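These notes are about the structure you will find just below.
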Amino acid sequence: MAATVAVIIAFNNKLGPLPPMGKLLNPATGLWANAESNAKPADEQYNLDGLKAEVKVHFDERMVPHVFAQNDEDLYYMQGYLTAKFRLWQMEVQTHNAAGRVSEIAGEKALKTDRLQRRIGMVYGAEQAEAYINADPESKKLVEAYCAGVNAYIKNLQVKDYPLEYKLLNYKPEEWKPIKVALLLKNMANMLSVFEYDIENANFVSKYGMEEFRKLYPDFVADEDPIVSRETKFNFSGKEVAGMDGNIKNDSLSMVMNQTLAQLGGVNSHIEKPDEITGSNNWAVSGSKTKSGGPMLCNDPHLKLSLPSIWYEMHLVSPNMNVYGATIPGAPAVIIGFNDSISWGVTNGGRDVRDWYSVKFKDANRDEYEYNGKWLKSEKRVETYKVAGGKDLIDTVIYTKFGIVVFDKNYGEAESSYNLAMRWTAHLPSNEFKTFYLMNQGKNYDDYINALKNYTCPAQNFVFASRSGDIAIKEQGRFPIRNKATEQGKYLSNGTTPVDEWTDFIPYQYNPTDKNPARGFVSSANQHPTDSTYPYYYPGVGVYENYRNRRINQVLAEGKDIDMEFMKKLHSDNFNMNAAEALPTLLALLDKSKLGKEERHYVDALSKWNYFNEANQIEPVYYEIWWNELRRLLWDEMIHSPAPMKQPDFYVTVQFLKTDSTSHFYDNDSTKQVETRADIVNQSFASIKVALESRKFVEVSEPYGKDEAFIAATQPHDWGTYKDTKVAHLAGIDAFSKKAYNGGNRNIVNATNNSHGPSWRMIVDEGTMKAYVVYPGGESGNPGSKYYDNMVDTWAKGEYYEANFVKKAEDLGTKRVYTATFSPKK
């Protein structure tokens, strides 16, 4: 996510050559050429090289394409062509970002981020994936067909029809190759793999010790409500890791670890990470609990809100499949969706799939590194960066058996003497495309399970429902077998020994899975995949949700005769469980005898609050200011530490406030006096008045850093105004962005803050074969089109569109706006 922010900064401070004004203002080829007519389009005919047979594309009232092809190659060719037609710039800027090539457009300002992208192995991982895809003839053929469709559109594209951003940034589209498809999939893996805290954990233990660490960063907590329901028992045992001593005691380990960490204390990875995951939700309910008698499935992945939207909605039909849903612009197949037999959705699994190692080189040449008493030969890869308006930069990156050396004397703010290597499952050969290709044509549970065998990274919770009545959920990815005794993967590891080396992976069949549980539903909301009885150890430090999951399960457990309206309401549920569990303690610790009129009003309002973050309420504003200032005062030691540390999560913070009245963490390091728990509760409460009067809100809901645009021009009258949700243009161009007024927040089922939220909402009823969808954007990537952001307001209101899912084109009826017919060029 930090990379995305850096791209926006780079584009806003473009150093490369600016486009000549004559080009921009030319009425035939400049900006005005991108304005689209509101008139109803006429039917169109095209002849294209590369097609095998005729393809018909019917566009409905929201400009969703319904593609009817006679074979799968033509189906993906046309998916590529249409996605390029409506989202070309978005596709290319995202692959430039993933490949570390933004500096070719934006100049030197993007160079640091570009170097990071290559040093974490984005291109390397994409190369491994491309080679693996090419080893499967069917996958290779279909990915190449998709690329051929993209290139067919680019080949026929005139300068006047270039997407607006190409004109503003003064460059042109390039050929679409299979490596770009792989890069997009690795880009998604990178966005969703940032929840490892090896270095932050090491820094904390080094300074405060293991006892404090275990208290503030527990693997499991008392109210755990995992994805795999507790009624499901594991009938297998965890495999011991070859060469590991499974009998080593935690106590003796802690002493050794503390010594090691003391030597490595203060290491900084310079990778920006959120303290709290914004969240995603999915669930499926058995037909025994629904009005239709068939299973129902819901999904709303919560990601950065952007224009053009992350997703492109499509309906793809061939003799092998009839599938509808959300696609990733630049990659073939439907990623989240349904067909005439099954439906599926995803949430981020949050599993730690990246480990960090401290590597010791023999000398300054870095040709060899120490491993198990020997010196092994390094591999070197030379990266060249073409910088717009500047000179090329050459960077040599070292590869070891522990992964790529990301941070060393040549990269990092301090040009550290530490050499930090990263091992990441995204570097493994993989074919995620095949997962979705098989899922798109799946008919039953067995097909779902077979499709997931091909999926490697990032860890995702795949929820499933079928017309035949099954519901299921599986956390899928390739997960290294970790040694519980050494808590492998939780801290920065010593790269000179094999103790924390990856030697094997958890067998696919033992990844957490739940099918048709007796409770009648499955769900995930980024919580723990299992309880502590799961036979395989995995680090669970501060990355898992513990509010949304409990709320969803509570509502589903109580639900009867569940229908579409029930599901829509749950998607938009704004109950703030964090506030419900924290506020009574905070109010009890508040000294009300010294409060003025305004403060007494805040107390009265909060005391009567129903704990819902509805857009038109003021109470959530009071609580948000209070809670964020309280966390800032409480965890100032972590926030202001020169070496990065993670703040304890919201749930742990609440339990800490309830049960520990004397901790040294209550004392504020920046003051002379020694503060108590009551002191910081009262001090943080006082910030409500100060913040509202000064209109400078503290530690706003955006978890990735303070967003000055969030500071309202006038005092907010309600939560929706204060939260100020913005669906931002990918290049940060305000004129191409759109505001949304809605409720919710992180840790709430409707996990919408000022910059993140539900990027796609989908409800499928397998009993009626009806589906409802919406996303915060539009089908077009052109800001000059009425289809650019036409769904944002509908999305903000919690409303939906019925998906026009049909078997035959004629069934679209009046929903069809126009048809484009594509024929092979003779």
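The values are calculated or read from the model by the stated rules, or taken from the named source; none is laboratory data. Computed from a predicted model, the values in this text were never measured in an experiment. Here the Cβ positions follow ideal geometry from the backbone for every residue, glycine too, while neighbour counts run over all protein chains shown. In case anyone asks, the SASA skips ligands and DNA or RNA and just uses the protein heavy atoms, side chains included. Shrake-Rupley method; radii C 1.70, N 1.55, O 1.52, S 1.80 Å.
Quick look at the numbers
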quantity	calculated
Some residue of segment 442-456 being within 18 Å of the chain's Cα centre (by Cα) and surrounded by 22 or more Cβ atoms within 10 Å (Cβ to Cβ)	yes
Only listed residue being open to solvent by 40 Å² or more (accessible area, probe 1.4 Å) and touching a residue at least 24 places away in the same chain (Cβ under 8 Å), chosen from 180, 207, 167, 186	207
Given (1) over 24 Å from residue 621 (Cβ atoms); (2) surrounded by fewer than 18 Cβ atoms within 10 Å (Cβ to Cβ), number of the condition residue 683 does not satisfy	(1)
Where a residue in segment 582-598 is at pLDDT 95 or above and part of a helix (DSSP H, G or I) and its partner, wherever it lies, is surrounded by 11 or more Cβ atoms within 10 Å (Cβ to Cβ) and basic (Lys, Arg), with Cβ under 7 Å and at least six apart	585/658; 589/677
Wholly within segment 125-213, helices (runs of 4 or more DSSP H) carrying at least 3 residues that are under 30 Å from residue 643 (Cβ atoms) and either small (Gly, Ala, Ser) or over 26 Å from the mean Cα position of the chain (by Cα) (or both)	198-208
Residue list for segment 462-490, filter: farther than 22 Å from residue 440 by Cα and of a type in the set (Ser, Thr, Tyr)	486
Of all residues making up segment 416-441, the number that are open to solvent by 10 Å² or more (accessible area, probe 1.4 Å), of a type in the set (Gly, Ala, Ser) and touching a residue at least 60 places away in the same chain (Cβ under 8 Å)	1
Residues of segment 472-519 that turn out to be assigned to a strand (DSSP E or B), at pLDDT below 95 and open to solvent by less than 20 Å² (accessible area, probe 1.4 Å), as a count	2
Test result for residue 659, open to solvent by 50 Å² or more (accessible area, probe 1.4 Å) and not basic (Lys, Arg)	yes
The one condition in (1) in contact (Cβ under 8 Å) with a residue 40 or more places away in the chain; (2) at negative phi; (3) outside any helix (DSSP H, G or I) that residue 469 fails to fulfil	(2)
Given (1) part of a helix (DSSP H, G or I); (2) open to solvent by less than 40 Å² (accessible area, probe 1.4 Å), number of the condition residue 566 does not satisfy	(2)
Tabulated pairs, segment 378-394, first in contact (Cβ under 8 Å) with a residue 60 or more places away in the chain, second surrounded by 15 or more Cβ atoms within 10 Å (Cβ to Cβ) and assigned to a loop (DSSP other than H, G, I, E, B), C-beta under 6 angstrom, 6+ apart or interchain	388/16; 388/107; 389/15; 389/16; 389/107
Subset of segment 599-616 [crowded, with 20+ Cβ neighbours inside 10 Å and assigned to a helix (DSSP H, G or I)]	602, 606
Top-ranked residue in segment 376-392 [being outside any loop (DSSP other than H, G, I, E, B) and out of contact with any Asp or Glu (no Cβ under 7 Å at 6 or more places or on another chain); ranked as surrounded by the most Cβ atoms within 10 Å (Cβ to Cβ)]	381
Residues (open to solvent by 10 Å² or more (accessible area, probe 1.4 Å) and in a loop (DSSP other than H, G, I, E, B)) located in segment 281-300	286, 291, 292, 293
So residue 823, is it open to solvent by less than 10 Å² (accessible area, probe 1.4 Å) and of a type in the set (Ser, Thr, Tyr)	no
Residues of segment 637-651 satisfying the condition of being open to solvent by less than 20 Å² (accessible area, probe 1.4 Å), within 23 Å of residue 492 (Cα to Cα) and assigned to a helix (DSSP H, G or I)	637, 638
Count of segment 520-555 residues which are over 17 Å from residue 462 (Cβ atoms), assigned to a loop (DSSP other than H, G, I, E, B) and hydroxyl-bearing (Ser, Thr, Tyr)	7
Selected residue [open to solvent by less than 10 Å² (accessible area, probe 1.4 Å) and of a type outside the set (D, E, K, R)] from 341, 309	309
1 or more residues under 30 Å from residue 408 (Cα atoms), at pLDDT 60 or above and open to solvent by 20 Å² or more (accessible area, probe 1.4 Å): qualifying helices (runs of 4 or more DSSP H) within segment 1-118	72-98, 103-106
Any hit, segment 313-325, residues being modelled with pLDDT of 95 or more, of a type in the set (A, V, I, L, M) and within 15 Å of the chain's Cα centre (by Cα)	no
Residues satisfying the stated conditions in segment 416-455, i.e. assigned to a strand (DSSP E or B) and not aromatic (Phe, Trp, Tyr)	420, 421, 422, 423
Candidate set from segment 119-150 (those that are closer than 18 Å to residue 81 by Cα, of a type outside the set (A, V, I, L, M) and touching a Gly at 6+ places or on another chain (Cβ under 8 Å)); member that is surrounded by the most Cβ atoms within 10 Å (Cβ to Cβ)	149
Residue within segment 393-415 that is assigned to a helix (DSSP H, G or I) and crowded, with 16+ Cβ neighbours inside 10 Å present	no
Checklist (1) over 27 Å from the mean Cα position of the chain (by Cα); (2) assigned to a strand (DSSP E or B) applied to residue 773, failing item	(1)
Which numbered condition residue 623 fails, given (1) in contact with a strand residue (DSSP E or B) (Cβ under 9 Å, 6 or more places away or on another chain); (2) under 17 Å from residue 681 (Cβ atoms)	(1)
Where a residue in segment 779-806 is under 15 Å from residue 63 (Cα atoms) and at pLDDT 95 or above and its partner, wherever it lies, is of a type in the set (Ser, Thr, Tyr) and not in a loop (DSSP other than H, G, I, E, B), with Cβ under 6 Å and at least six apart	802/772; 803/324; 805/324
